[in-house]
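The structure appears right after this line, and notes come after that.
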Amino acid sequence: MRNDDVPGSRQPIKSVGFLLVPGFALLTYASAIEPLRAANQLSGKTLYRWWNATPGDKPATASNGVAVLPNYKFGSDARDLDVMLVCAGGNPATFRDQRTFAWLRKLAARGVIVGGISGGPVILARAGLLDGRRCTVHWEHAPALQEAFPRVKLTQTLFVIDGDRITCSGGVGGLDMMVALIARDHGYPLAAAVSEWFLHTHVREGARPQRMDLRARLGVRDEALLKALKIMEAHIESPLSRERLAKLAGVSLRQLERLFRRELGQGVHARYLALRLDRARQLLRETSHSILEVGMATGFASSSQFCRAFGRSFGITPNAARRRDLELATRRLD
């Protein structure tokens, strides 16, 4: 990371706030906050201070049930904050607290560097703080974020620094991002020591991908099969015919079908349909798009066609699935 990537980069970040949204992932939070503690301990100096805030000043319960108590006043002027990082998980699209959005906009207007981790960028986008900005988000939330906020310049990377906006995909990626910030503020030797402290022997750059490649993720090696799967993932809204897929993969349709059944246990059509319906389930959960819009975004010609395919796969209608997911998310927020 260059020193000019973030405003005021030649000055250390002294105060970092964490806004914990109920349902946040504890690992994501720990990966971001623990490097600050390690930097202080290894340097023998107080280089960083950190605070926890929660909507409404209530304890925030992580996705695993652990509750974190706030020690910073929600909605305050935050005159002592340099950075505010929003930690969110679960289904951040259901979080609609206007007080939180207003506070984040207020902090950004005051020059505080505002960021989001895991599902946190979804909340920043809802607050209008990512329009025209490069950002990243956990891969699970990426399709819905792009559909709901087309002005956001979404990447599929570990973390992104765009001026006074910081976004991170979450998980252990928070450690990589904070190590990069420590290197910027206090030099590479301290950052390397922090990384080694956590047995993190290979620090990843922000531009690295979030997910394993298909070869590792699915345990397949055949190049034609891998190529066909990549093409499928890139053509969800406008699905290609099986014949076109085979041609692009460089094999006959008969060969392609044989590869899919042997390596994945299902035919080309079934695999493609499953990918599209999984994407549809994400869009139903994390956007307010109509059933027809979700169906069109995943390659179905009509809402009835989409509903029939969805029902056969999941045993529930799209509307019922959306209601159930919303109820579960609301219970977690409560």
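Of everything in the range 45-59 that is within 19 Å of Leu181 (Cβ to Cβ) and out of contact with any Leu (no Cβ under 9 Å at 6 or more places or on another chain), the residue that is surrounded by the most Cβ atoms within 10 Å (Cβ to Cβ) is Lys45.
Here Asp185 clears all of (1) of a type in the set (Asp, Glu); (2) assigned by TED's automatic domain parsing to the domain that holds Leu47; (3) closer than 25 Å to Gln146 by Cβ except the condition numbered (3).
Among the residues making up the range 60-81, those that are surrounded by 19 or more Cβ atoms within 10 Å (Cβ to Cβ) and in a loop (DSSP other than H, G, I, E, B) are Ala62, Pro70, Tyr72, Ala78, Leu81.
Condition check for Gly128 on (1) of a type in the set (Gly, Ala, Ser); (2) farther than 19 Å from Val16 by Cβ; (3) in a loop (DSSP other than H, G, I, E, B); (4) at pLDDT below 90: one failure, at (4). Restricted to the range 85-104, and to residues there that are more than 16 Å from Thr287 (Cβ to Cβ) and part of a loop (DSSP other than H, G, I, E, B), the residue that is modelled with the lowest pLDDT is Gly89.
Filtering Ala144, Ala125 for residues that are free of Cβ contacts under 8 Å to residues at least 60 places away in the same chain and either under 26 Å from Val294 (Cβ atoms) or surrounded by fewer than 17 Cβ atoms within 10 Å (Cβ to Cβ) (or both) leaves a single hit, Ala125. The helices (runs of 4 or more DSSP H) located wholly in the range 231-334 that include 1 or more residues which are surrounded by 15 or more Cβ atoms within 10 Å (Cβ to Cβ) and in contact (Cβ under 8 Å) with a residue 40 or more places away in the chain occupy 253-264, 268-286, 291-297, 303-314, 318-333.
The values are calculated or read from the model by the stated rules, or taken from the named source; none is laboratory data. Being a predicted model, the structure only gives us computed values, none of them experimental. Glycine gets a Cβ as well: all are built from the backbone with ideal geometry, and neighbour counts include every protein chain shown.
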